[in-house]
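Down below is the structure, laid out as structure tokens.
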Amino acid sequence: MREYDLVVFDWDGTLMDSTAHIVNAIQQACRDLALPVPGREAASHVIGLRLAEAMQQFCPPDQASRLPELVDAFRRHYQAGLDRVTLFDAARDTLEAIRDCGAFVAIATGSSRAGLDRALAAAGIKNLFDATRTVDECHSKPHPDMLLQLTDLFGVALDRTVMVGDTSHDLLMARNAGSHGVGISHGAHDSAELIRCEPRAIVHSLSELSSWLLPRLC
């Protein structure tokens with residue numbers, strides 16, 4: 001018997017192999033403004049949050065007025081070389097297999113609407129999603145708003161919804177919504193941090209996700 005009617009994916013670090021690119025853009029933006037440059041762990045920890053909220057972590061209180069400038073610098077570095085960022089292996093196959101089982105498929109991301117739409121068009125997989133939600137329409141993670149909107153849209157119960165993400169922000173959003181969470185360790189947060197959020201499962205690739213998820217859908 002099917003356990004889930006709706007599968008929701010995070011985007012960056014979950015389906016798109018963009019963690020290193022985002023970390024580099026954060027570090028370069030801080031260098032541009034002569035601000036302290038965060039290490040990889042600190043920079044990757046904010047991935048998934050609303051951009052201004054994320055960049056605020058790297059703007060010291062006495063430099064708070066420079067936050068818009070820091071955000072603009074990040075955007076500039078993020079856009080540079082974005083065409084070299086690719087989907088993780090098995091992303092398309094995983095999405096197609098989930099759809100073949102008859103479940104709804106959606107995205108809940110900290111990206112902007114314009115950024116997600118550009119990325120989906122570049123990847124050529126927009127048609128594989130029934131709906132998407134970004135921070136332009138919803139509260140930032142880990143607030144449950146994105147999942148609440150998606151389950152309401154499809155008329156799906158929260159406990160029959162699973163959120164797949166690479167950060168604690170994704171898994172805490174699922175927990176706050178009363179949904180299930182599955183952590184995937186190939187992105188921004190390591191397995192230890194994901195485990196602390198008490199997800200239903202931890203997987204290490206999209207192929208492993210398929211092995212865990214498809215029997216619960218088909």
**Asked** What whole number of Å gives the distance from the Cα centroid of the stretch 171-218 to the Cα centroid of the stretch 8-41?
**Response** 21
**Asked** Which value, in nm² and rounded to one decimal, describes the direction-averaged projected area of the C-alpha convex hull of the stretch 28-99?
**Response** 6.2
**Message:** Just to be sure I understand: with springs between alpha-carbon atoms less than 10 Å apart, which residue in Gln63, Gln28, Gln79 has the highest mean-square fluctuation in the Gaussian network model of the chain?
**Reply:** Gln63
**Complete:** Sorted by chain and number, the residues with a modelled amide H under 5 Å from that of Ser18, at a separation of 5 or more or across chains, are Gly13
**Request:** Run the accessible area of the chain with a 1.4 Å probe and give the carbon-and-sulfur part as a rounded percent.
**Result:** 49
**Label-point separation in nm, Asp72 to Arg160, each point 7 Å along Cα→Cβ** = 4.9
**Request:** Rounded, prolate or oblate: pick one for the stretch 131-218, where a ≥ b ≥ c are the square roots of the eigenvalues of its C-alpha gyration tensor, a/c under 1.5 means rounded, and failing that, prolate if a/b is larger than b/c, else oblate.
**Result:** oblate
**Net lengthening on full extension, Ser207/Ala121 (0.36 nm per residue, minus Cα-Cα)** = 28.7 nm
**Request:** Sort Cys218, Cys59 by accessible area with a 1.4 Å probe, largest first.
**Result:** Cys218, Cys59
**Fill in**
With every protein chain kept in place and a 1.4 Å probe, the stretch 69-218 has an accessible area per residue in Å² of 44
**Prompt:** Once you treat every alpha carbon in the stretch 72-218 as an equal point and sum by Debye, what is log10 I(q)/I(0) at q = 0.12 Å⁻¹?
**Reply:** -0.49
**Message:** Based only on Cα atoms, what mean projected area does the convex hull of the stretch 1-147 have, in nm²?
**Reply:** 9.4
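Given a 1.4 Å probe, how much area per residue of the stretch 1-48 is accessible, in Å²?
Details: 1790 Å² over 48 residues.
The answer is 37 Å² per residue.
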**Prompt:** For the charge dipole of the chain, defined by +1 on Lys and Arg C-beta atoms and -1 on Asp and Glu C-beta atoms about the Cα centroid, which residue among Ala97, Ser44, Ser112 has the Cα displaced farthest towards the positive pole?
**Reply:** Ser112
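Considering only the other residues whose Cβ falls under 13 Å of the Cβ of Phe154, what net charge follows from Lys and Arg at +1 and Asp and Glu at -1? Provide the component values of the computation, followed by the final result.
On the way: positive: Arg133, Arg160; negative: Asp5, Asp130, Asp152.
Net of charged neighbours comes to -1.
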**Message:** Between Asp136 and Glu41, how high is the FRET efficiency from 1/(1 + (r/R0)^6) when r is the Cβ-Cβ distance and R₀ = 30 Å? Nearest 0.05.
**Reply:** 0.60
**Residue among Val156, Asn127, Thr14 farthest towards the positive dipole end of the chain, charges placed on Cβ** = Asn127
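Taking every pair of Cα atoms in the stretch 68-135, average 1/r, invert it to obtain the Kirkwood radius, and report Rg/Rh to two decimals.
Rounded to two decimals, Rg/Rh equals 1.04.
Mind checking the dipole of the chain: about its Cα centre, +1 per Lys or Arg Cβ, -1 per Asp or Glu Cβ, Debye to the nearest 20? Could the numbers behind the result be given before it?
On the way: 20 positive and 29 negative charges, 31 e Å.
That gives the chain a dipole magnitude of about 160 debye.
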**Item:** Projected area, mean over directions - the stretch 110-181, Cα convex hull, nm²
**Value:** 4.6
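The values are calculated or read from the model by the stated rules, or taken from the named source; none is laboratory data. Nothing here was measured: the structure is a model prediction, and the numbers come from that model. Every residue, glycine as well, gets a Cβ built from its backbone with ideal geometry; the counts of neighbours run over all protein chains shown. For the accessible areas, the whole protein counts, side chains as well, though only heavy atoms, and no ligand, DNA or RNA atoms are used. Shrake-Rupley method; radii C 1.70, N 1.55, O 1.52, S 1.80 Å.
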